[in-house]
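Novice: Following this message is one structure expressed as structure tokens.
The values are calculated or read from the model by the stated rules, or taken from the named source; none is laboratory data. Just so it is clear, the structure is predicted and the values come from calculations on it, not from any experiment. Here the Cβ positions follow ideal geometry from the backbone for every residue, glycine too, while neighbour counts run over all protein chains shown. Ligands, DNA and RNA are excluded from the accessible area calculation, which covers all protein heavy atoms including side chains. Shrake-Rupley method; radii C 1.70, N 1.55, O 1.52, S 1.80 Å.
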Amino acid sequence: MERPRTAEERQDARVPLPAAGSAPAATAAALDLELVIPAYNEENRLAPTVTALAEHLRGMPLTAALRVIDNGSSDRTAECVDRLAASGIPITVTGCSRRGKGAAVARGMVTTNARWVGFCDADLATPATAVDDAVRLLRDGWQVAVGSRRCAGARIPVRQPALRRLGGAGFRLATRRFSGPVKDTQCGFKFFEATAARRVFSSVTTSGFAFDLEVIARARALGLSLTEFPVVWSDQAGSSFRPFADGRRVAGELWRLHRTLHRRQPRVVRHAPAPRVAEEAG
């Protein structure tokens with residue numbers, strides 16, 4: 001039996017997501033870029049991340065904002081955002097009572113008022129300077145730009161523990177039919193043209209570890225132009241993922257994803273040439 005929904009969850013249920021491809025009503029001047037940061041009990045890691053991103057965005061030749069999606073935190077995550085609001089870049093916090101990174105990211109992506117929208121993890125495993133590469137690709141016309149640790153030119157100064165790397169290899173092998181030519185589905189640094197983001201995220205149902213994979217699979221099924229770009233990525237302490245304890249849940253997510261998407265064949269689109277992606281891991 002499912003537990004009764006809280007008042008906050010009932011309120012969320014009454015707020016419909018925008019239809020795929022539709023834009024939310026503008027409440028302020030449209031931005032060039034909005035960067036979404038999902039956060040759950042991140043009061044200790046969020047401040048350096050928001051500070052670094054805000055400082056970098058201030059120096060870019062565009063209008064930008066940061067939005068933290070508070071995924072039901074029980075610590076002072078929201079207060080941390082409030083203290084950082086005077087950074088020169090608009091910084092807001094939005095609540096999301098549905099648990100899981102996927103749910104938090106989707107809430108931000110479908111409600112953006114920006115021309116382009118992206119998301120990154122609260123630990124900022126990829127430096128803020130990588131935003132420049134993502135924006136350049138979006139300016140060039142790509143609808144989806146995916147940060148990758150496995151492209152030619154990518155670097156990993158601090159690698160994951162061996163067990164996580166082994167699990168990652170198994171995950172890539174088991175999910176190749178969904179990822180296609182995309183070498184790295186799990187890097188938490190992805191950017192979208194806003195209309196493309198709404199088309200993808202209005203249909204996303206996975207909220208856990210396999211969420212990033214579903215995003216890539218749906219983008220491919222929609223025929224969106226997608227490219228990877230190399231990033232510098234360092235493993236960060238504090239990950240909540242436990243390979244053994246969470247393995248069954250991930251398997252369930254993959255099974256549900258298979259049932260949802262197995263009839264949808266990726267569509268091929270023509271677009272400008274992509275940066276070369278290495279055949280082997282960088």
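Novice: What are the residues in region 174-230 that are among the polar types (S, T, N, Q) and under 28 Å from Asp32 (Cβ atoms), if any?
Specialist: Within region 174-230, the subset among the polar types (S, T, N, Q) is 175, 179, 185-186, 195, 202-203, 205-207, 225, 227.
Within region 174-230, Thr185, Gln186, Thr195, Ser202, Ser203, Ser225, Thr227 qualify.
Novice: For region 41-80, which positions are charged (D, E, K, R), outside any loop (DSSP other than H, G, I, E, B) and out of contact with any helix residue (DSSP H, G or I) (no Cβ under 8 Å at 6 or more places or on another chain)?
Specialist: Taking region 41-80 as the starting set, the residues that turn out to be charged (D, E, K, R) are 42-43, 45, 55, 58, 67, 70, 75-76, 79.
Now restrict to residues that are outside any loop (DSSP other than H, G, I, E, B): 55, 58, 67, 70, 79.
Result: Glu55, Arg58, Glu79.
Novice: Further, regarding this structure: Tally the residues that are in a strand (DSSP E or B) and among the hydrophobic types (A, V, I, L, M, F, W, C), restricting the search to region 153-178. Show your work before the answer.
Specialist: Within region 153-178, the first condition is being in a strand (DSSP E or B), and the residues that meet it are 155-158.
Subsequent filtering for residues that are among the hydrophobic types (A, V, I, L, M, F, W, C) retains 156, 158.
Summing the residues that are in a strand (DSSP E or B) and among the hydrophobic types (A, V, I, L, M, F, W, C) in region 153-178 gives 2.
Novice: Let me confirm something: among Gly167, Gly118, Gly141, Gly153, which residue is open to solvent by 40 Å² or more (accessible area, probe 1.4 Å), more than 20 Å from Gly208 (Cβ to Cβ) and touching a residue at least 24 places away in the same chain (Cβ under 8 Å)? Walk me through how you get there before you give the answer.
Specialist: Numbers: Gly167 fails: more than 20 Å from Gly208 (Cβ to Cβ); Gly118 fails: open to solvent by 40 Å² or more (accessible area, probe 1.4 Å); Gly141 fails: open to solvent by 40 Å² or more (accessible area, probe 1.4 Å).
Being open to solvent by 40 Å² or more (accessible area, probe 1.4 Å), more than 20 Å from Gly208 (Cβ to Cβ) and touching a residue at least 24 places away in the same chain (Cβ under 8 Å) holds for just one of Gly167, Gly118, Gly141, Gly153, which is Gly153.
Novice: Could you please give the count of residues in region 189-213 that are open to solvent by less than 10 Å² (accessible area, probe 1.4 Å), in contact with a Gly (Cβ under 9 Å, 6 or more places away or on another chain) and modelled with pLDDT under 95?
Specialist: Total satisfying the criteria: 3.
Novice: Can you name the number of the only condition in (1) among the acidic types (Asp, Glu); (2) in contact with a Gly (Cβ under 8 Å, 6 or more places away or on another chain); (3) modelled with pLDDT of 95 or more that Asp123 fails?
Specialist: (3)
Novice: Mind telling me which of the residues Ala30, Ala106 ends up being at pLDDT below 95 and among the aliphatic types (A, V, I, L, M)? Spell out how you get there, then give the answer.
Specialist: Details: Ala106 fails: at pLDDT below 95.
The match here is Ala30.
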